[in-house]
Amino acid sequence: MCIASISLSIEFYHFKKLTQSSIYMDKATVLNHYTKTNEKGKSYDVFKLRLDDGGVEVYTTLWHQTSIPLKSRVKVKLKVDKVMFYDYLKGFYAPSTALYEIYEDDPPLDVKPLYRWIDNQHENEKIAELYKTLLFATPISKELRDEVQKWGISHLIAISGYNVGVISFLLFFFLKPLYQFFQSRYFPYRNATADLTIVVLSVLFVYMMIIDFVPSFLRAFAMSVLGFFFYSRGIKVISFETLGLTTLGLLALFQSLAFSLSFWFSVAGVFYLFLFLHHFSHLNRWILLGLIDLGVFFLMLPIVHTFFSVFTFLQLTTPLTSVVFIVFYPLGLFLHLINCGGILDTYLLSFLAVDAHTYDLSFPWWILVVYVGVSLVAIRYRLALYACLGFAFFSLFFIQ
C-alpha cells in the first residue's frame, strides 16, 4: 500500500503537469501507426504515442495521411482539457493540433535498425511483420491478427512467459558448459546456478528494454527475479503466494497494468498452470506436461472469450502448436542471426493461409466473475478445478 501510494502520487504529479494548460506539447515515440476510415469514407491516421514526460501512452489522430514509421521520434501538440486522471492511468485519446517527425542525434533507444534487419531478410511483408512481432513485440496488423487468431496462437506471438522460458533455457544450455570449464580451473567455490541466473536476468532485462516493457513479459520477468530471490533463500518458488506477490507488486509500481488485458491473461495462464502443479504434481512428468498444455488451454477459454468472441476449430490444435513453438522460436531467431531468416517463409505463408470457418463463442461478465471465483476455490478443492474444466469443455457445444 505504501509503494502504491508513492507510485500513484508520482503519476498524479505528471497528470497535473500534463493538464496545467489546455494545450500540451512534448516529444514522443511512435508505438503504433495505422490508417482507419470513418462512416463517411474519409481516411485518417491513428497514432499511439509514448510521451517523454511521465511515459504515459496516448492515442491521437491526423486527418492527412503520413508515412511516419514505428519507433520514430515526433513532436506533438495535444488538447488535454478534457482528460481525467482515470483516463491518464489507462491511456487516453487526445486530439492533436500538430504532429511531425523529428530527428535527434541521440534518440533514447533506436531499435529501427533491428526492424530493418528483419525486413531485409524477407520478401513477404506479412512474414516480416510476424517475425518483428514475435521477436520485438511490434504492433500487429488486423489482417495478420485475424490469421493468428484463427489458430489460437495469439499468446505465442505476443511476447510473454513462453519467451522468457525459452530464452532462459537457451542461455543456460549454451553458457553452462563454458562457465563450468572456467569454474573447474579458476573459481570452484562459485555457485554456477546463481551466477548464470544473474547473467540470464541481465540479458532478459536488456531485451525487455528493447521491446518496451511489454506487460506480459514484465510479469514473467518480475516472477523470475522474485523466484530467484526465493530460491536463494530456500523458499518455495512455484506457489500461488509468489504469483500473488508478483502481481500485487507490479500493480503497486505500475497502476496502468490494471487496464492491460495481456497482463491479466498472463497472470491467469500462470495461475492455471500452478493449479495443475498443485493438484497433480504426483503424476509422471511427461503426463503432467501434456495435461498442463491441454488443461490450461481449456481453462483459459471462458476468460479469453469474454473479451474476444471469434472461435475456430483450428484453435483446438493450440496445445500442439505450443509444443512446436518451443522449437520454432529459437530456430527462427537462429536463422535470422545467420542472415537466413527467409528459409521458412513458404511454410509460414501456407500455415497462415489455411482456411477456417469462424464461429462466435462469448461469455457474459457475470459468468466470468463466477468462473474466476470457482477457480480461486480450486486452490483448496480439486473438485472445483474439475468443475472449471467441465464448464470450459462443454462450452464448446454452445458455439454459434
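The values are calculated or read from the model by the stated rules, or taken from the named source; none is laboratory data. From a predicted model like this one, the values you see are computed outputs, not experimental measurements. Note: ideal-geometry Cβ built from the backbone for every residue, glycine included; neighbour counts use all protein chains shown. The area values use the complete protein model at the heavy-atom level, side chains included, leaving out ligands, DNA and RNA. Shrake-Rupley method; radii C 1.70, N 1.55, O 1.52, S 1.80 Å.
For the chain, modelled as a GNM with alpha-carbon contacts under 10 angstrom, which of Pro330, Pro113, Pro95 fluctuates the most? Most flexible of the set in this elastic network: Pro113. Among the chymotrypsin sites (Phe, Trp or Tyr not before Pro) found in region 46-88, those both in a DSSP coil and sparsely packed, with 10 or fewer other Cβ atoms within 10 Å of their Cβ, are Trp63.
For Asp53 and Gln183, the difference between the fully extended length at 0.36 nm per residue and the C-alpha to C-alpha distance is 42.2 nm.
Can you give the longest stretch of the chain with no exposed loop site, where a site means GluC sites (Glu not before Pro) in a DSSP loop (not H, G, I, E or B) with at most 14 other C-beta atoms within 10 Å? Longest site-free region, per DSSP loop and neighbour criteria: 124-400.
On the chain, 66 percent of the accessible area sits on carbon and sulfur atoms, based on a 1.4 Å probe.
Per-residue ellipticity at 222 nm, computed for the chain from helices alone with -39500 (n - 2.57) per DSSP H run of at least four residues, works out to -19000 deg cm²/dmol. Taking every DSSP bridge with both residues inside the chain, close to 95 percent are antiparallel. Using the Cα gyration tensor of the chain, with a ≥ b ≥ c the square roots of its eigenvalues, what is the shape: rounded (a/c below 1.5), prolate (a/b larger than b/c) or oblate (neither)? Rounded is the answer for the chain, as its axis ratio a/c remains below 1.5. Evaluating 6.51 cos²θ - 1.76 cosθ + 1.60 at θ = phi - 60° for every residue in region 385-400, the Karplus couplings come out as 5, 4, 5, 5, 4, x, 4, 4, 5, 6, 5, 5, 7, 10, 5, 10 Hz, glycine and proline recorded as x. Rounded if a/c is under 1.5, else prolate if a/b beats b/c, else oblate: with a ≥ b ≥ c from the C-alpha gyration tensor eigenvalues square-rooted, which is region 39-114? Oblate, since a/c reaches 1.5 and b/c is not below a/b.
Which residue fluctuates most in the GNM of the chain (Cα springs below 10 Å): Ile287, Ile303, Ile210? Among Ile287, Ile303, Ile210, the largest mean-square fluctuation in the Gaussian network model of the chain belongs to Ile287.
Overall form of region 251-362: rounded. Here a/c, set by the Cα gyration tensor axes a ≥ b ≥ c, is under 1.5. Taking θ as phi - 60° and the Karplus parameters 6.51, -1.76 and 1.60, the scalar couplings of region 282-295 work out to 6, 6, 4, 4, 6, 5, 4, 4, x, 5, 5, 4, 6, x Hz in sequence order, x denoting glycine and proline. Of the chymotrypsin sites (Phe, Trp or Tyr not before Pro) in region 314-400, the ones in a loop by DSSP (not H, G, I, E or B) with at most 12 other beta carbons within 10 Å are Tyr381. Taking 0.36 nm per residue of sequence separation and removing the Cα-Cα distance, the Arg190/Tyr93 pair yields an extension gain of 29.7 nm. Along region 29-46 the Karplus relation, 6.51 cos²θ - 1.76 cosθ + 1.60 evaluated at θ = phi - 60°, assigns HN-Hα couplings of 10, 7, 8, 7, 7, 8, 9, 10, 10, 7, 5, 8, x, 8, 8, 8, 9, 10 Hz to successive residues, with x for each Gly and Pro.
Applying a threshold of 27 Å to the alpha-carbon distances of Lys112/Lys142; Lys132/Lys176; Lys16/Lys112; Lys75/Lys150; Lys16/Lys142; Lys36/Lys150 flags Lys132/Lys176; Lys16/Lys112; Lys75/Lys150; Lys16/Lys142 as lying beyond it. Here the label points at Leu253 and Ser21, each 7 Å from Cα along the C-beta direction, are separated by 3.5 nm in the simple model.
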